[in-house]
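So the structure is just underneath, and the comments pick up after that.
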Amino acid sequence: MYINCKTYFSFRFGTFATDELVKKAAALGIRTLALTNINNTCDAWDFVKNCVTANIKPVIGTEIRNEDNLLYIILAKNRGGFAAINSFLSEHLLSGSPFPPRPSLRETDCFVVYPFSIGRFHELRSHEFIGVQYTEINRLHGVQHELIVEKCVARHPVTFQSKGFYTLHRILRAVQHNVLYTKISPRWCCQPHESLISPDEMRKLFARYPKLIANSNHLLDSCSVSMDFGRDKTKKVFSNSKVEDRAILRKLAHDGIQSRYAVGQVVLERVEKELCIIDKLDFNAYFLIAWDIVRYAKAQGYHHVGRGSGANSIVAYCLGITDVDPIGLELFFERFLNPHRACPPDFDIDFSHAVRDEIFKYIFNRYGDDHVALLAVYTTFQYKSTVQALGK
């Protein structure tokens, strides 16, 4: 039923936090939920993770708008569909070109749901549908019964928690358009009924056309996306074998000592200590991938800044991943990596926004497209400048 839900990642539009949306859905007894934020998929995997915890089936997609004009909703049928959505978003957001009135997406990857006002009933392909809000039901009288049965789905947009949050939504819209609250145009805002309601309420609102609810559920049942959040997906081999990786990392670290330090016992002992921990915890490939990304950037003349806890590593310093001397500043490697750390570390490496796309392109070409669906979020919005070693 719930094919069009938004969080506050529908920037300056939605008011729900991602986990809050899922928690309220669970409290209402909702068992399937689709996240469709406006022109992005930023919190998609957080949403999936929260849904799994709440025993709710997650469906992910996006709501496409040109400024305030709603064009359609796209739901990913599978991981390939999610990758296609992100590629579609990136293509238009990065070029600045308007979204087309009809997306060119494969039928095997995505469903497309147009608003009722589009009036494209007789041109719909097999994966395209018309979304009808309960406030639009009376307008179905002039539509052929066969089209209603086959091509119409119930669409109840979810934008805010309850009626009290509608004011907050309007404030966000005023901020978006840089106008006084009293000058807000109705066409900039969602409808006052766009709060999350229970399945029973939904069925009552669409009681005259229960087939619309059934069709919505059919779309959601046909979608499936998942992620194994409990498994370490870090790429384990950089070269041909782990043995070779260990040898390469050791050579690079010792070569780096020559350019970074006057060789001394303290430096050698620190390097050997770190190499031992890195190897024991199986992070040789991780360091080498980060080094490879930085090596490529330097070869292209791109400036980078390595920061965060990774700057505590003398091996990272010797490899040129960071430019902070952990010996001189008395930084402890254990803050970055140690046998008792529960979560894996990450290198924070900043690049200019002007070259970031080239860095991502190199990563995709060098390490394959296994993570297109995950990384497309970064290429779409460029909000996060951290480049992390890829999993496989």
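The values are calculated or read from the model by the stated rules, or taken from the named source; none is laboratory data. Computed from a predicted structure; not experimentally measured. Neighbour counts are summed over all protein chains in view; Cβ atoms, including those assigned to glycine, are modelled from backbone coordinates with ideal geometry. Each accessible area value is taken on the protein alone, full model and side chains, heavy atoms only, with ligands, DNA and RNA left out. Shrake-Rupley method; radii C 1.70, N 1.55, O 1.52, S 1.80 Å.
Identify the residue in the range 118-144 that is in a helix (DSSP H, G or I) and modelled with pLDDT of 90 or more and, among all such residues, is surrounded by the fewest Cβ atoms within 10 Å (Cβ to Cβ). Out of the qualifying residues, it is 138.
Does residue 234 satisfy the criteria of being touching a His at 6+ places or on another chain (Cβ under 7 Å) and either of a type in the set (Val, Ile, Thr) or closer than 30 Å to residue 285 by Cα (or both)? Spelling it out, it is not the case that residue 234 is touching a His at 6+ places or on another chain (Cβ under 7 Å) and either of a type in the set (Val, Ile, Thr) or closer than 30 Å to residue 285 by Cα (or both). Sub-7 Å Cβ pairs linking a first residue in the range 163-189 that is farther than 16 Å from residue 69 by Cα to a second residue that is basic (Lys, Arg), at least 6 apart or interchain, are 172/12; 175/12; 181/170, ordered by first then second residue. Name the single residue that is farthest from residue 13 (Cα to Cα) among those in the range 38-67 being of a type in the set (Lys, Arg) and either part of a helix (DSSP H, G or I) or open to solvent by 40 Å² or more (accessible area, probe 1.4 Å) (or both). It comes out as 57. Annotation note: of 71, 33, the sole residue that is surrounded by 24 or more Cβ atoms within 10 Å (Cβ to Cβ) and not in a helix (DSSP H, G or I) is 33.
Residue by residue through the range 223-247, note down the ones that are open to solvent by less than 50 Å² (accessible area, probe 1.4 Å) and either under 30 Å from residue 132 (Cβ atoms) or touching a residue at least 40 places away in the same chain (Cβ under 8 Å) (or both).
223, 225, 227, 233, 234, 235, 237, 238, 239, 245
Among the residues of the range 90-117, the ones that are aromatic (Phe, Trp, Tyr) and assigned to a loop (DSSP other than H, G, I, E, B) come to 1 in all.
Only helices (runs of 4 or more DSSP H) whose full extent lies in the range 281-392 are considered here, and the ones with at least 1 residues that are open to solvent by 40 Å² or more (accessible area, probe 1.4 Å), hydroxyl-bearing (Ser, Thr, Tyr) and modelled with pLDDT under 90 are 372-381.
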